[in-house]
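Since every read-out is calculated from the coordinates, none of them should be taken as a lab result. Please read these numbers as outputs of a predicted model, since none were measured by experiment. Quick reminder, even Gly has a Cβ in these numbers, built from the backbone with ideal geometry, and neighbours come from all protein chains shown.
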Amino acid sequence: MKKVLAFDIDQTLNVAKTPIPDEIADLLVACLDHFEICPISGQKFDQFLIQIVDRLKNATPEQLKHLHLFVAQGTQYYRFNGTEWEQVYNYPLTDEQVAKISATIEQAARELGFWEEDKLKPGDEIIENRLSQVTFSALGQKAGTEEKYAWDPDCKKREKIVARCKELAPEFDYEIGGTTSINAITPGMNKKFGMTHLLEELNVEKSDVLYFGDMTQPGGNDYPVVEMGIDTITVRSHEDTAYALRGILGVI
Ligand SMILES: [Mg+2]
């Protein structure tokens, strides 16, 4: 029998960016009695708490010890020690990488006339070091939603910034996200990195793991897991995941 059930989050356990529904919460709590449960996605730790952990109200501290959070594509790992969530490892960018990325994005944005320092709220910043990635937010973190939506609705400004960044520092990957953001990472910090560390931390073999994801096609962000040779169930939504989990729990 599999020892580990690993899950992509958005569109696999929930509707994108929203907390997991009650049905998924109940199924995950039931699974904690039989498996190690490992959500893995590109989001931040706080978002894992909001979307998953806060929804598992019926889980006991003992059950939560079997929940493992692979944050920021598994470049950070958190587990529950019976009282609180502790960080087990973190693979941040180096100071040199952060400095290079920050200078690159600033130069690109300034050259193109998209460096909006004068629009920042007091104490806000355009470039933020999120440890495993550096994030450019054109109007800062504190700007209003409407203002953000209006800044680059067709992504054209950010596409220009990314194109220039690739010329200046091609050794990094740049992803457009949210409404005003660009995330810069080192290549290879994808789910293969996270899943490889998962196997090591949980001391299991690939064959012990069953993975659920919605983007398992070549080019999708779950594809690196498929490529590793880990058994994968492709789902269209959390409803498919619920269906599969009911089946798994039914035969235990
Ligand atoms: Mg997904």
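Taking Gly140, Gly74, Gly178 in turn, the Gaussian network model of the chain (Cα-Cα springs below 10 Å) assigns the largest fluctuation to Gly178.
Pairs to check: Lys44/Lys119; Lys44/Lys191; Lys3/Lys65. Give those whose C-alpha atoms are more than 23 Å from each other in this structure.
Cα-Cα > 23 Å for Lys44/Lys119; rest within.
Expressed as a fraction of 2.2 N^0.38 Å, the value expected for a compact globular protein of N residues, the C-alpha radius of gyration of region 152-252 is 1.40.
Using the Cβ of Arg110 as centre and a radius below 12 Å, the other residues enclosed give a net charge of -3, where K and R count +1 and D and E count -1. Of the GluC sites (Glu not before Pro) found in region 61-93, the ones in coil according to DSSP and having at most 11 other Cβ atoms within 10 Å of their Cβ are Glu84. Note on the chain: Cα Rg divided by 2.2 N^0.38 Å, N the number of residues, gives 1.08. Note that region 92-103 has calculated 3J(HN,Hα) couplings of x, 5, 6, 4, 5, 5, 4, 5, 5, 5, 4, 5 Hz, one per residue in order, obtained from phi through the Karplus relation 6.51 cos²θ - 1.76 cosθ + 1.60 (θ = phi - 60°); glycine and proline are x. Taking the centroid of alpha carbons for each part, region 175-229 and region 63-139 are 18 Å apart. Between Thr232, Thr12, Thr60, the Gaussian network model of the chain with springs among Cα atoms under 10 angstrom shows the greatest mean-square fluctuation at Thr60. Taking Pro61, Pro153, Pro122 as the candidate residues, the one with maximal mean-square fluctuation in a Gaussian network model of the chain, Cα springs under 10 Å, is Pro122.
By the Cα gyration tensor, region 95-185 has an equivalent ellipsoid whose semi-axes, rounded to whole angstrom, run 19, 15, 12 from largest to smallest.
With a cut-off of at most 12 other beta carbons within 10 Å, and DSSP calling the residue loop, which trypsin sites (Lys or Arg not before Pro) in region 144-252 qualify? Please list them.
Filter output for region 144-252: Arg236.
Summing charges over all other residues whose Cβ lies under 15 Å from the Cβ of Gln11, with Lys and Arg as +1 and Asp and Glu as -1, gives -3.
With only the Cα atoms considered, region 1-145 has a convex hull volume of 149 Å³ per residue.
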